[in-house]
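First up is the structure itself, then whatever we jot down about it.
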Amino acid sequence: MQCAGHRQESVDDAAPAHPGVPHLIVLCVLLIAWFVITVIAWFVILFTGSYPQSPLPFALGVMRWTLRVEAYLLLLVDEYPPFTLE
């Protein structure tokens, strides 16, 4: 039974997902990996005195990607961020 002037919402009327959601899902996984690599790198620095060069491109790529997605979500840029660590 419907009231006059009231229409029943359907699935088609649901709000579309924000375009940044796929980036947030991938970034959650990448940030967990970044955290693990950073902790390991901290121990390497502790014992050798220098930052290991092999995880550096990955760590920088994750930080750059995070910054691009944050800038997009905060409406600082209009360009949709690419799915890349470069």
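Please treat every number below as a calculation from the coordinates, not as lab data. Here the structure is a predicted model, which is why all the values come from computation and not from measurement. Using ideal geometry, Cβ is built from the backbone for each residue, glycine included, and neighbour counts are taken over all protein chains shown.
Relative contact order, whole percent, for segment 18-73 stands at 43, derived from Cα pairs under 8 Å and 6 or more residues apart.
On the basis of the beta-carbon distance and an R0 of 30 Å, residue 86 and residue 18 show a calculated FRET efficiency of 0.80.
Full extension of the chain segment joining residue 51 with residue 32 gains 4.9 nm, where the gain is 0.36 nm per residue of separation less the Cα-Cα distance. One quarter of the convex hull surface built on the alpha carbon atoms of segment 18-73 amounts to 3.9 nm², the projected area averaged over directions.
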